[in-house]
Amino acid sequence: MYSYLQSHKKHLIHLPLLIYWIILFILTSLPTGLAIETRDVSDKLLHFGAYGLLSGLLFLNLHFQNKFQLLKKYPATLTVLIASSYGFFDEIHQMFVPGRSAEFLDWLADFSGSLLAVLITGYLIKKIKEFELKEV
């Protein structure tokens, strides 16, 4: 599976990140009246999940890319740094969207989702690599 991801990374890793990041930006740019109603789900849980998915995809992109060795060497740290920074700037961006506001707790949920996703994704990559090595 690891080698399959490596050989098909354009369609299975790079493209999903690009599409998801665009969707995330669009959704956070919608004014309150146009945003998707989520009364039954906590706003913080949505932030946690959204940035968890973003970070999982970003981690895979950094891990599987081969152009920049620094990115490949520290994908976990850089993923949390990039996703958290994006979350911070997205909170500031939302101050200018009608009906939206910036909240520290939203950013904290972004950061927490990112951190957990990086830990899980890193663990899964390690296990997939180990499993593939055992099969050979």
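Bear in mind that the values in this text are calculations on the coordinates, not laboratory data. Model, not experiment: these values are computed from the prediction. Reconstructed Cβ throughout: ideal geometry from the backbone, glycine too, with neighbour counts over all protein chains shown.
Using r as the Cβ-Cβ distance of ASN66 and LEU24, and R0 as 30 Å, what FRET efficiency do you calculate, to the nearest 0.05? The partial results should precede the final answer.
On the way: r = 26 Å, r/R0 = 0.86.
The pair ASN66/LEU24 has a calculated efficiency of 0.70.
First check a/c for the stretch 73-123, with a ≥ b ≥ c the square roots of the eigenvalues of its C-alpha gyration tensor; if it is under 1.5, answer rounded, and if not, answer prolate when a/b is larger than b/c or oblate otherwise.
Numbers: a/c = 3.90, a/b = 2.37, b/c = 1.64.
Here the stretch 73-123 falls in the prolate category.
Using only the Cα atoms of the stretch 2-135, construct the convex hull and provide its projected area averaged over every direction, in square nanometres to one decimal.
Taking the Cα atoms of the stretch 2-135, their convex hull projects to 8.9 nm² on average.
Modelling each spin label as a point 7 Å along the Cα-to-Cβ direction, I'd like the PHE104/ILE92 distance in nm, to one decimal.
Computed distance between label sites PHE104 and ILE92 equals 1.7 nm.
Give me the angle, in degrees from 0 to 90, between the Cα long axis of helix 15-29 and the longest principal axis of the Cα atoms of the chain, rounded to the nearest 10.
10
Longest exposed-loop-site-free stretch of the chain, with GluC sites (Glu not before Pro), DSSP loop and at most 15 other Cβ within 10 Å?
Numbers: sites that count: GLU37, GLU103.
Within the chain, the longest run free of exposed GluC sites (Glu not before Pro) spans 38-102.
What is the magnitude of the charge dipole of the stretch 2-135 about its Cα centre, with +1 placed on the Cβ of each Lys and Arg, -1 on the Cβ of each Asp and Glu, and no other charges, expressed in debye to the nearest 20?
700
Of all trypsin sites (Lys or Arg not before Pro) in the stretch 35-133, which ones are in loop regions per DSSP and have a Cβ with at most 16 other Cβ atoms within 10 Å?
Values: sites: ARG39, LYS44, LYS67, LYS72, LYS73, ARG100, LYS126, LYS127, LYS129; in loops: ARG39, LYS67, ARG100.
Qualifying residues, ordered by number: ARG39, LYS67.
Excluding residues fewer than 8 places away in the same chain, name every one of the lysines whose C-alpha is closer than 28 Å to that of LYS126.
The qualifying lysines are LYS9, LYS10, LYS67, LYS72, LYS73, LYS134.
I need the calculated FRET efficiency for the pair LEU15 and LYS129, taking r as the beta carbon distance and R₀ as 22 Å, to the nearest 0.05. Write out the running numbers ahead of the final one.
On the way: r = 23 Å, r/R0 = 1.03.
The calculated FRET efficiency here is 0.45.
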